[in-house]
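Encoded as structure tokens, the structure appears first; notes follow it.
The values are calculated or read from the model by the stated rules, or taken from the named source; none is laboratory data. Quantities reported herein were computed from a predicted structural model and do not represent experimental measurements. All Cβ positions, even for glycine, are placed from backbone atoms using ideal geometry, and neighbour counts span all protein chains on display. What goes into the accessible areas is simple: the full protein's heavy atoms, side chains included, and nothing from ligands, DNA or RNA. Shrake-Rupley method; radii C 1.70, N 1.55, O 1.52, S 1.80 Å.
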Amino acid sequence: QVQLVESGGGLVQPGGSLRLSCAASGSIFSISDMGWYRQAPGKERELVATITSGYTPNYADSVKGRFTISRDNGKKTVYLQMNSLKPEDTAVYYCNAFVTRTMTYRYLELWGQGTLVTVSS
């Protein structure tokens, strides 16, 4: 079984910072793109940031200059450093990854369980 496990969400005041982590585990041969998405109450899930296996990032306009995505291929982990947080960043944040399994070499898209980030004073 392969899965993504997230950590690092919580409550933070406006202007504060949080760091999210997402680790992939299981029988994984390789991981291509990894990323973060978020879903606010009453809204659709939206892209926050993605990063390729070659470390090329891509950001939503709403987070450019405030959020930084990074990854550690050896640890099969992707991170999201969130600075200058705003109340409108409040959402459940989901990790996403495209993996190739060992043995079968089946290509899968995985999602984490989600971690809640609340920005409020």
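For segment 101-117, the criterion of being open to solvent by less than 10 Å² (accessible area, probe 1.4 Å) and closer than 22 Å to GLY65 by Cα is met by at least one residue.
Per this entry, ASP89 is not counted among residues that are open to solvent by 70 Å² or more (accessible area, probe 1.4 Å), of a type in the set (Asp, Glu) and over 30 Å from PHE29 (Cα atoms).
Yes or no, residue by residue, for (1) farther than 25 Å from SER121 by Cα; (2) free of Cβ contacts under 8 Å to residues at least 24 places away in the same chain; (3) among the charged types (D, E, K, R):
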{"site": "LEU4", "(1), (2), (3)": "yes, no, no"}
{"site": "ILE51", "(1), (2), (3)": "yes, no, no"}
{"site": "TYR59", "(1), (2), (3)": "yes, yes, no"}
{"site": "ARG66", "(1), (2), (3)": "no, yes, yes"}
{"site": "THR77", "(1), (2), (3)": "yes, no, no"}
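Within segment 28-42, being open to solvent by 50 Å² or more (accessible area, probe 1.4 Å) and either part of a loop (DSSP other than H, G, I, E, B) or free of Cβ contacts under 8 Å to residues at least 24 places away in the same chain (or both) holds for PRO41, GLY42.
Residues are listed down the side, and each one gets a yes or a no for (1) in a strand (DSSP E or B); (2) modelled with pLDDT of 95 or more; (3) over 16 Å from VAL117 (Cβ atoms); (4) open to solvent by less than 60 Å² (accessible area, probe 1.4 Å):
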{"position": "LEU4", "(1), (2), (3), (4)": "yes, yes, yes, yes"}
{"position": "LEU11", "(1), (2), (3), (4)": "yes, yes, no, no"}
{"position": "ARG19", "(1), (2), (3), (4)": "yes, yes, no, no"}
{"position": "VAL48", "(1), (2), (3), (4)": "yes, yes, no, yes"}
{"position": "VAL63", "(1), (2), (3), (4)": "no, yes, no, yes"}
{"position": "LYS75", "(1), (2), (3), (4)": "no, yes, yes, no"}
{"position": "SER84", "(1), (2), (3), (4)": "no, yes, no, no"}
